[in-house]
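Below: the structure, in structure tokens.
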Amino acid sequence: MSRTAVSAEAQRRRTFAVISHPDAGKSTITEALALHAHVIGEAGAVHGKGGRKAVVSDWMSMEQQRGISITSAVLQFSYRDIVINLLDTPGHADFSEDTYRVLTAVDCAVMLLDAAKGLEPQTLKLFEVCRVRQIPVITFINKWDRPGMAALELLDEIESRIGIRPTPLTWPVGEAGNFHGVIDTTLDEPAMVHFERSPGGSRAASEEVIAADTARKRFGDEYEQAAEELELLEASGSVHDQKLFNDAVTSPVLFGAAVSNFGVRQLLDVLVDYAPAPQARPDEAGEPRAIDAPFSGFVFKIQANMNPAHRDQVAFLRVCSGRFERGMIATHATTKRPFTTKYAQSMFGASRDTIDEAYPGDVIGLVNAMNLSMGDTLYVDSPVKFAGLPAYAPEHFAQLRINDTSKAKRFRRGIAQLDAEGVVQVLYSQQRGEGLPVLAAVGPMQFEVATTRLQAEFNVPVEIDHLGYSLARRTDAAGAEALRTAPGVEIFRRARDEEILAAFPNRWRLQTVSGDHPNVLLEPLLADTTSVPPRTA
């Protein structure tokens with residue numbers, strides 16, 4: 001295939017993540033987007049109410065039982081001749097490390113805000129990650145069919161607290177809780193789109209496009225107020241500018257209600273018309289890898305046992321350049337060894353289909369790719385290596401223990417699998433020995449996922465003992481030796497990368513130890529969003 005044809009295919013891709021604070025409706029909007037693209041016939045409910053199925057992106061049993069997303073999922077489908085790669089991410093802060101890894105693989109993000117709650121702590125962190133990585137963000141203000149904040153108040157909060165300028169593309173007619181529709185500025189002639197909910201909300205809402213004069217007669221003061229607010233925003237400069245959006249300076253804003261399927265089609269059209277197509281990706285030295293260069297891609301996620309019947313492992317790979325062909329022999333950038341891509345699949349939640357080709361922007365699954373790890377690069381012909389994925393600073397530590405030593409082999413295999421997937425960080429120390437690994441996590445729910453999966457997938461029940469550490473610092477062999485007998489400090493080896501970490505109970509102890517050992521290396525790990533490396537393409 002010619003380089004021009006590869007570039008043309010890349011222009012047909014839109015790869016984005018849906019991110020939000022917990023309970024903002026992220027999985028619901030993911031399902032609604034798939035519904036409006038006509039790739040599913042009926043939207044599911046997370047809790048399966050009324051006999052309806054669970055959302056397709058929440059495939060893990062623990063996700064379906066709790067109604068929260070625990071791991072990221074990929075849904076690939078087509079809409080208006082555009083190939084959509086939608087990455088649904090965990091909303092809960094305890095799984096933010098998974099979300100941050102996903103954000104390395106996308107060209108855009110859709111941020112959901114709850115109309116009643118506005119900006120919440122996790123929302124602020126995710127906005128900051130996107131800003132630092134220069135990822136364009138489309139904001140969808142959800143749940144407008146319920147009582148909430150005023151629309152202008154929400155936009156003011158976004159600009160004042162985040163520093164990104166909101167530019168509405170749709171504007172609600174009717175206050176939160178009394179939602180009639182939106183004024184859609186993306187139409188050839190701005191008009192109102194009136195929504196009618198389908199029975200049960202499981203199918204796409206019906207839409208009626210109403211001219212401004214007719215809307216004034218039908219909705220009176222509510223339409224007038226919406227039109228005046230929109231004019232005020234336009235006069236103040238809050239209008240869409242594609243370059244400023246691409247530079248992550250502004251954020252297009254839409255209003256809707258995902259559970260009722262209101263405003264979802266408008267969001268899907270905006271993603272197709274405004275979200276950036278894949279661009280040249282910088283390698284670890286900062287040099288851009290052209291879209292039409294020979295094939296390259298990087299692994300941003302490992303997931304095992306998506307299909308318990310097959311007990312397989314899938315490496316999620318973002319195609320960065322060139323044409324991927326199933327069966328091609330690529331080179332593993334780290335080991336320089338050949339890697340055969342015999343089993344390649346496209347993914348739609350837990351459903352997977354064999355694919356023969358893929359292009360820049362596509363996310364594919366390489367099945368049983370046991371030699372691949374998160375952050376690995378594959379390439380053909382022209383060598384390249386993309387920057388690896390960072391490991392985030394853990395704040396919670398717990399020791400695992402099995403009582404049945406006959407299952408020790410399965411226990412070790414399960415721990416290695418969870419570590420490879422990034423479910424938790426696995427640490428070992430000399431004083432505990434290899435039989436008592438310590439799990440380190442950003443949030444405590446990661447421990448619950450780890451123990452649940454050890455039981456369900458490896459038939460290894462474990463006991464967990466929480467430890468009194470709350471932060472860690474990177475050190476070296478000399479530092480490990482100097483601190484080995486320091487009170488309140490424990491030295492660990494991280495299994496994933498052999499890094500040496502020193503764990504402390506609190507910042508006061510860290511400060512004391514630093515003062516007592518001024519020459520010892522105690523380097524912060526990637527602890528917050530301000531340290532996330534930028535997307536410099």
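The values are calculated or read from the model by the stated rules, or taken from the named source; none is laboratory data. Here the structure is a predicted model, which is why all the values come from computation and not from measurement. Here the Cβ positions follow ideal geometry from the backbone for every residue, glycine too, while neighbour counts run over all protein chains shown. We work out accessible area using only protein heavy atoms, side chains counted, and drop any ligands, DNA or RNA first. Shrake-Rupley method; radii C 1.70, N 1.55, O 1.52, S 1.80 Å.
Annotations for the structure displayed:
- Heavy-atom accessible surface of the stretch 404-444: percent carbon and sulfur, 1.4 Å: 51 percent
- Probe 1.4 Å, protein heavy atoms only - accessible area per residue of the chain in square angstrom: 40 Å²
- 0 to 90° range, to nearest 10: angle between helix 507-516 axis and the chain longest Cα axis: 40 degrees
- Within the chain, longest stretch free of exposed GluC sites (Glu not before Pro) [DSSP loop, at most 16 other beta carbons within 10 Å]: 43-283
- Structure-based [θ]222 nm, the chain - -39500 (n - 2.57) summed over DSSP H runs of at least 4, per residue, nearest 500: -8000 deg cm²/dmol
- A simple charge model with +1 on the Cβ of Lys and Arg, -1 on the Cβ of Asp and Glu and nothing else charged puts the dipole of the chain at about 2120 debye relative to its Cα centre.
- The listed residues W171, W508 rank as W508, W171 when sorted by accessible area, largest first, using a 1.4 Å probe.
- Rounded, prolate or oblate (a/c below 1.5 giving rounded, otherwise prolate when a/b exceeds b/c) for the stretch 234-303 by Cα gyration tensor: oblate
- Across the chain, C-alpha contacts under 8 Å between residues 6 or more apart give a mean separation that, scaled by the residue count, equals a relative contact order of 14 percent.
- Between helix 151-162 and the chain: long-axis angle, C-alpha atoms, 0 to 90°, nearest 10: 30 degrees
- Of the residues K125, K26, K336, K143, the one with the largest accessible area comes first in the ranking K336, K125, K143, K26, computed with a 1.4 Å probe on protein heavy atoms.
- Listed residue (I40, S78, I329) projecting farthest to the positive dipole end of the chain, Cβ model: I329
- Portion, in percent, of the accessible area of the stretch 166-324 that falls on carbon or sulfur, probe 1.4 Å: 48 percent
- Ordered by 1.4 Å accessible area with all protein chains kept, H36, H240 run largest first as H240, H36.
- The stretch 226-333: trypsin sites (Lys or Arg not before Pro) in DSSP coil with no more than 15 other Cβ atoms inside 10 Å: R311
- Share, in percent, of DSSP beta bridges within the chain that are antiparallel, nearest 5: 75 percent
- To the nearest ten degrees, helix 121-132 and the longest principal axis of the Cα atoms of the chain are 90 degrees apart.
- Lysine pairs in the chain whose alpha-carbon atoms fall under 17 angstrom of each other, counting only those eight or more residues apart or on distinct chains, come to 8.
- With contacts taken as Cα pairs under 8 Å and at least 6 residues apart, the stretch 211-278 reaches a relative contact order of 15 percent.
- Y100 exposes around 20 Å² of accessible area when a 1.4 Å probe is run over every protein chain in place.
- Magnitude of the charge dipole, the stretch 378-471, Cβ model with Lys/Arg +1 and Asp/Glu -1, debye to 20: 280 debye
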